[in-house]
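S.K.: Can you keep this structure in mind? I'll have questions shortly.
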Amino acid sequence: MKVKKLGLFTRILCVYFAIYIAVPFSMWAQLIINPPTFPSGSTVELNITGAGSTNSLIIFSTSDLTIPVAAWTRMATGTVGQVTFDLPKPTNDTAFFAAGVAPISTPTVATPVFTPGGGSYATPTNVVVTCATEGAAIYYTTNGDTPTESDTYIYNGDSIYVSGVTTLKAKAFASGYNDSAVATATYTINGAPFVYAGAQQIISSSPTTLQGVITDDGLTGAGTQFTNWTQISGPGIVTFGNPHQTNTTASFPANGIYVLQL
């Protein structure tokens, strides 16, 4: 048995009847989408009745009736009084159309939220990024630039590792929505300094130069930043040239093993 596949005209015509079930009453009560025509092999023409001469119309389209009407794609916006629309002929099996009187408020994607928010922290942290608009795509930057869809993508509810001083920005996008506002937060992470007292030395004369190394992010977190050499043990009292310099000189009064701390 052969089953005849419905032609494109029939499928769109079925859509014409189904569309009124899918859209809110306030949108379609005064508008009627007449049966479509096909002025060319690549065009479908929609003619709308019920609109006033001072109105302009917006045509929406979707291939999936399960998504909310607010997320349908805007196909065309007419001028005042325009009721006929020539649109590209759909290539998918079904095409759903709706007409609305302009201006129709396009929803805006919710602004992303950072958890925790910006501030000063003692250790690097994972910042969770969320967006209340379901299905929105979130993009972010850490260099201060406004995010675009060419930047790094993050799933809703995923986290970004933040250390040092970072300005985090995120923006969310969704089809049929205005782009979200840019979420911005600055994080100041006061990481621990790196301290190295240098390799063990065996010397035959005194004094010697110590080879200490200290690196720091420059953030004190309201504390005091300082360098200090001290003697832990040894057969005599060590004299430091300047105990507050990493590469200071040290003099040893007697032979033996000395342990110094930076």
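S.K.: Could you give the size of the charge dipole of the chain about its Cα centre, using +1 on the Cβ of each K and R and -1 on the Cβ of each D and E, expressed in debye and rounded to the nearest 20?
M.R.: 640
S.K.: Note down the net charge around Y140, summing +1 for each Lys or Arg and -1 for each Asp or Glu among other residues with Cβ under 11 Å from its Cβ.
M.R.: -1
S.K.: If you don't mind, another one. Please work out the C-alpha center-to-center distance from the range 34-75 to the range 188-258 and express it in whole Å.
M.R.: Spelled out, the Cα-based centre of one part sits 77 Å from the other.
S.K.: Return the FRET efficiency for the residue pair A132, S63: r is the Cβ-Cβ distance, R0 is 22 Å, and the value is rounded to the nearest 0.05.
M.R.: The calculated FRET efficiency here is 0.30.
S.K.: What length, rounded to one decimal in nm, is gained on full extension from S56 through to S251, with 0.36 nm per residue of separation minus their alpha-carbon distance?
M.R.: The span from S56 to S251 would gain 61.2 nm if fully extended.
S.K.: Once label points are set 7 Å from the Cα along Cα→Cβ at both D93 and V113, what is their separation, rounded to one decimal in nm?
M.R.: Rounded to a tenth, the inter-label distance reads 4.0 nm.
S.K.: Return one whole number: the accessible area per residue of the chain in Å², for a 1.4 Å probe.
M.R.: About 58 Å² of surface per residue is accessible.
S.K.: Whole-Hz ³J(HN,Hα) for each residue in the range 174-188, computed from phi via Karplus 6.51 cos²θ - 1.76 cosθ + 1.60 with θ = phi - 60°, x for glycine and proline: what do you get?
M.R.: Once θ is set to phi - 60°, the couplings for the range 174-188 become 8, 4, x, 10, 5, 4, 6, 5, 8, 7, 10, 8, 10, 10, 10 Hz.
S.K.: Further question: For the chain, which whole-number percentage of the solvent-accessible area (1.4 Å probe, protein heavy atoms only) is attributable to carbon and sulfur atoms?
M.R.: Answer for the chain: carbon and sulfur cover 54 percent of the accessible area.
S.K.: Whose amide H sits under 5 Å from the amide H of V128, counting only residues 5 or more places off or on another chain, with H placed in the peptide plane?
M.R.: Counting only residues 5 or more places away or on other chains, the set is T115, I160.
S.K.: Please turn the phi angles of the range 152-164 into ³J(HN,Hα) values with the Karplus equation 6.51 cos²θ - 1.76 cosθ + 1.60 (θ = phi - 60°), one per residue in order, whole Hz, x for glycine and proline.
M.R.: Once rounded to whole Hz, the list reads 6, 8, 9, 5, 4, x, 7, 10, 10, 7, 10, 9, x.
S.K.: Among N55, N92, N47, whose mean-square fluctuation peaks in a Gaussian network model of the chain (Cα, cutoff 10 Å)?
M.R.: N92
S.K.: With θ set to phi - 60° and the Karplus curve 6.51 cos²θ - 1.76 cosθ + 1.60, what are the ³J(HN,Hα) couplings of the range 71-87 in order, to the nearest whole Hz, using x for Gly and Pro?
M.R.: Rounded to whole hertz, the list is 9, 5, 7, 6, 8, 7, 10, x, 7, 4, x, 6, 10, 10, 10, 9, 10.
S.K.: Which of these values of Rg and Dmax of the Cα atoms in Å was calculated from the structure shown: [x] 34.7, 108; [y] 26.7, 79; [z] 18.6, 54?
M.R.: Derived directly from the coordinates: [x].
S.K.: To continue, here is another question. Beta carbons within 10 angstrom, averaged per residue: use that to sort the peptides 118-127, 134-143, highest first.
M.R.: Ranking, from highest mean packing down: 134-143, 118-127.
S.K.: A follow-up question, please. On a 0 to 90° scale, report how tilted helix 8-22 is relative to the longest principal axis of the chain, with both axes built from alpha carbons and the result rounded to the nearest 10.
M.R.: So the inclination is approximately 70 degrees.
S.K.: Please give the length that would be gained between T224 and S120 if that part of the chain were fully extended, namely 0.36 nm times their separation in residues minus their C-alpha to C-alpha distance (nm, one decimal).
M.R.: That works out to 35.8 nm of additional length.
S.K.: Next question, about the same structure. For T43, list long-range residues whose amide hydrogen, built 1.01 Å from N in the peptide plane, is under 5 Å from its own amide hydrogen.
M.R.: Answer set, sorted by chain and number: K89.
S.K.: Please compute the Kirkwood hydrodynamic radius of the range 112-180 from all pairs of different C-alpha atoms, in Å with one decimal.
M.R.: Roughly 12.4 Å, rounded to one decimal.
S.K.: For S205 paired with Y155, estimate the spin-label separation in nm (one decimal), with each label point 7 Å from Cα along the Cα-to-Cβ line.
M.R.: Those two pseudo-labels are separated by 6.7 nm.
S.K.: Could you please tell me the mean projected area of the C-alpha convex hull for the range 116-245, averaged over all directions and given in square nanometres to one decimal?
M.R.: 11.7
The values are calculated or read from the model by the stated rules, or taken from the named source; none is laboratory data. Note that the coordinates shown come from a computational prediction; the quantities given were computed from them, not determined experimentally. Positions of Cβ are generated from backbone atoms using ideal geometry, with glycine treated the same way; all protein chains shown enter the neighbour counts. Accessible surface areas use protein heavy atoms only, side chains included; no ligands, DNA or RNA. Shrake-Rupley method; radii C 1.70, N 1.55, O 1.52, S 1.80 Å.
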